[in-house]
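K.L.:
My structure is below; once you've seen it, I'll send some questions.
Read-outs: derived from the displayed coordinates by stated rules, not from any lab. This is a predicted model, so every value here is computed, not measured. Using ideal geometry, Cβ is built from the backbone for each residue, glycine included, and neighbour counts are taken over all protein chains shown.
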Amino acid sequence: DFVSAARDEEALELPFLEWDLSKPCPLRAPYGYCCDVMEHLPPDQVEPVISNIMASASKVFFQIATVPDNFGAVIGHQLHLTVRPHEWWADQLSRSCAVAWDSRLEGRSQFVVEANGAR
């Protein structure tokens, strides 16, 4: 995350790494969890961020909004910079990993992906 204040109270005792996902991350883990992040990226950062996430975790759950945000108008900024349909996100993810599971929900898509070569 960009700020430690974004963590839930239950997670305050866990280690925290402030990181820009457009840059390679030094962490390695068997699993990753990426919710409500990808739609906030500019389109040109989507591919490198997916690659960086998949270099850090073998299996990752993604939840991605597929609709414009509601709060951006309140603060005068568009928050969802990459609003694309489920199929577009599936294609982006499959370029650097294997999509093991996906689900289309109202306004969001979910994916479980595995890094190429992960078991």
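K.L.:
For the chain, which span is the longest to avoid every loop-located (per DSSP) member of GluC sites (Glu not before Pro) having at most 10 other Cβ atoms inside 10 Å? Provide the component values of the computation, followed by the final result.
P.N.:
Values: sites that count: Glu13, Glu18, Glu106.
No qualifying site falls inside 19-105, the longest such stretch.
K.L.:
Next up: Non-local amide H neighbours of Asp69 (under 5 Å, H modeled in plane, Pro and chain starts lacking H): which ones?
P.N.:
Counting only residues 5 or more places away or on other chains, the set is Leu79, His80.
K.L.:
Give me P(r) over the chain, computed from all C-alpha to C-alpha distances, binned every 5 Å, as integer percentages.
P.N.:
P(r) over the chain, rounded to whole percents: 2, 11, 20, 23, 20, 15, 7, 1, 0.
K.L.:
If r is the Cβ-Cβ distance from Phe61 to Ala5 and R0 is 25 Å, what FRET efficiency results, to the nearest 0.05? Display every interim value, and only then the final one.
P.N.:
Numbers: r = 23 Å, r/R0 = 0.93.
The value I calculate is 0.60.
K.L.:
Each residue of the stretch 6-16 in turn: what ³J(HN,Hα) in whole Hz from Karplus with 6.51, -1.76, 1.60 and θ = phi - 60°, glycine and Pro shown as x?
P.N.:
7, 6, 5, 4, 5, 9, 5, 7, 7, x, 10
K.L.:
Okay, moving on. Mind listing the phi-derived Karplus ³J(HN,Hα) values for the stretch 25-38, rounded to whole Hz, using 6.51, -1.76 and 1.60 with θ = phi - 60°, and x for any glycine or proline?
P.N.:
Running phi through 6.51 cos²θ - 1.76 cosθ + 1.60 with θ = phi - 60° gives 9, x, 6, 9, 8, x, 10, x, 9, 10, 10, 6, 10, 4 Hz.
K.L.:
Could you go through the stretch 72-82 in sequence order and give the Karplus-derived ³J(HN,Hα) for each residue, using 6.51 cos²θ - 1.76 cosθ + 1.60 with θ = phi - 60°, rounded to whole Hz, and x for Gly and Pro?
P.N.:
Result, rounded to whole Hz: x, 4, 5, 9, x, 9, 6, 9, 8, 8, 10.
K.L.:
Quickly work out the Val37-to-Ala73 label distance, labels modelled 7 Å from Cα along the C-beta direction, and quote it in nm with one decimal.
P.N.:
2.9
K.L.:
Return the calculated 222 nm mean residue ellipticity for the chain, to the nearest 500 deg cm²/dmol, obtained by summing -39500 (n - 2.57) across DSSP H runs with n ≥ 4 and dividing by the residue count. Before the final figure, lay out each step's value.
P.N.:
Working: 3 runs with 27 residues, N = 119.
That calculation yields -6500 deg cm²/dmol at 222 nm.
K.L.:
Given H placed 1.01 Å from N in the peptide plane, which residues other than close sequence neighbours of Ser58 have an amide H under 5 Å from its amide H?
P.N.:
Ala29, Tyr31
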